[in-house]
Amino acid sequence: MKIINIVGARPNFMKMAPIIEAMNRYPEQIKHLLVHTGQHYDEKMSKAFFDDLGMPKPDIDLEVGSGSHAEQTARIMVEFEKVCLREKPDLGIVVGDVNSTMACTITAKKLGIKVAHVEAGLRSRDMGMPEEINRLCTDVLCDYLFTTDYVADRNLKAEGVPEEKIHFVGNVMIDTLRKHERKAESLTLLHDWGLEAGRYATMTLHRPSNVDDPHILAGLLEALADISRDLPIVFPIHPRTRKMAEKFGLEHFLNSGDRIEGIWCTEPLGYLEFLHLNMNAKMVLTDSGGLQEETTVLGVPCITMRHNTERPITCTEGTNRLVGNDPRKVKEAAEAVLRGDWNFGQVPEKWDGKAAERIVQVLLSHPPTAV
């Protein structure tokens with residue numbers, strides 16, 4: 001069985017790493033290539049993830065770079081088609097919900113190549129999110145739909161997906177976390193930076209809905225600055241967010257000095273460094289997706305600055321709470337964490353570090369055949 005594994009952005013690396021490791025246990029049955037579309041093109045930010053996760057260097061790098069959604073998607077499709085025609089794989093595996101996920105799925109299917117989607121069935125019901133469009137288009141085309149939880153299963157069945165395509169395997173992101181958490185624990189970053197476990201928060205903030213509007217970004221930063229008077233916030237700032245803060249004249253909220261106080265900005269961190277910080281944090285404030293899952297497993301309160309989530313199980317069973325981008329609600333949630341008024345929940349079913357092996361076993365027992 002010849003498989004092409006496809007990654008395009010940093011979150012994809014964390015999901016693909018355990019799948020590659022699981023495939024390597026079956027060298028006689030599975031031959032695989034790793035294709036990096038280059039959708040996320042920041043070498044410093046991407047390289048750190050490959051190094052931390054012990055992933056092999058991509059066999060093929062399409063180097064598509066940035067651009068509008070249409071431009072980027074088109075370039076990926078053109079370049080990935082060449083790869084498919086040359087390599088003639090039996091199966092393509094896509095992960096997550098970035099433009100590369102959708103573009104490579106469409107390209108492979110039009111060439112008669114079967115496709116598997118890891119992290120299928122997640123739904124925010126927000127068509128204003130480009131990721132939701134990518135998820136819907138990908139799932140309707142794929143032949144194997146590997147889901148993280150029962151909610152995703154239910155979503156797919158409600159959309160008319162045949163049950164034989166749906167495979168509840170668990171969460172490959174958690175495979176990566178479980179594999180690396182001991183190594184992350186051993187880092188000395190807290191000591192090096194003069195931090196104490198449980199005496200700081202970590203934060204990510206990058207979504208256009210939060211950072212592209214000056215009034216919304218100003219309100220959030222002001223609320224976060226208030227929170228940081230009681231608990232310093234370590235903020236590995238996304239280049240996009242830094243750019244918008246400077247554009248709107250809001251950089252005075254951000255501290256990049258030597259003393260850790262207020263909203264303390266760092267350069268983007270590697271996977272292990274950020275995991276080290278998050279596992280020791282009092283709380284995590286975020287607008288990302290994967291952190292909602294990681295904090296649920298780590299047992300760390302997560303305040304998600306979004307109005308919806310494609311990962312609702314992190315709210316119903318985990319440590320996550322949606323607060324939107326209302327500054328008052330963000331502060332109220334942080335105050336609740338500080339006074340201990342938080343639901344610490346439980347780890348969802350099959351989030352046990354074995355999802356990738358389940359995926360490989362499905363492929364070995366139900367190998368792809370020609371369309």
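For this structure, a couple of remarks:
- Exactly one residue out of Leu277, Leu298 is touching a strand residue (DSSP E or B) at 6+ places or on another chain (Cβ under 6 Å) and aliphatic (A, V, I, L, M), and it is Leu277.
- Residue satisfying condition, being in contact with a Phe, Trp or Tyr (Cβ under 6 Å, 6 or more places away or on another chain), at pLDDT 85 or above, under 15 Å from Ser100 (Cβ atoms) and in the same structural domain as Gly92 (by TED's automatic domain parsing), within set Val78, Val64, Val7, Val35: Val7
- Unique match (being of a type in the set (A, V, I, L, M, F, W, C), at pLDDT 95 or above, touching a strand residue (DSSP E or B) at 6+ places or on another chain (Cβ under 6 Å) and closer than 23 Å to Thr188 by Cα) among Ile303, Ile263: Ile263
Residue-by-condition table, conditions (1) surrounded by fewer than 17 Cβ atoms within 10 Å (Cβ to Cβ); (2) under 22 Å from Pro368 (Cβ atoms); (3) in contact with a strand residue (DSSP E or B) (Cβ under 7 Å, 6 or more places away or on another chain); (4) not hydroxyl-bearing (Ser, Thr, Tyr):
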| position | (1), (2), (3), (4) |
| --- | --- |
| Arg123 | no, no, no, yes |
| Met127 | yes, no, no, yes |
| Glu132 | no, no, no, yes |
| Arg135 | no, yes, no, yes |
| Phe146 | no, yes, yes, yes |
| Val151 | no, no, no, yes |
| Asn171 | no, no, no, yes |
| Ala184 | no, no, no, yes |
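- Of everything listed in (1) touching a residue at least 60 places away in the same chain (Cβ under 8 Å); (2) outside any strand (DSSP E or B), the single unmet condition for Glu261 is (1).
- Helices (runs of 4 or more DSSP H) wholly inside segment 183-238 containing at least 3 residues that are within 22 Å of Leu275 (Cβ to Cβ) and of a type outside the set (Gly, Ala, Ser): 189-193
- Picking from residues in segment 109-121 that are touching a residue at least 60 places away in the same chain (Cβ under 8 Å) and not basic (Lys, Arg), the one that is surrounded by the most Cβ atoms within 10 Å (Cβ to Cβ) is Glu119.
- The residues listed here are Asn320, Asn343; of these, the one that is surrounded by 22 or more Cβ atoms within 10 Å (Cβ to Cβ), touching a strand residue (DSSP E or B) at 6+ places or on another chain (Cβ under 9 Å) and either hydrophobic (A, V, I, L, M, F, W, C) or outside the structural domain of Glu119 (by TED's automatic domain parsing) (or both) is Asn320.
The values are calculated or read from the model by the stated rules, or taken from the named source; none is laboratory data. Since we're looking at a predicted model, the values are computed, not measured. Ideal geometry is used to build each Cβ from the backbone, glycine not excepted, and the neighbour counts take in all protein chains shown.
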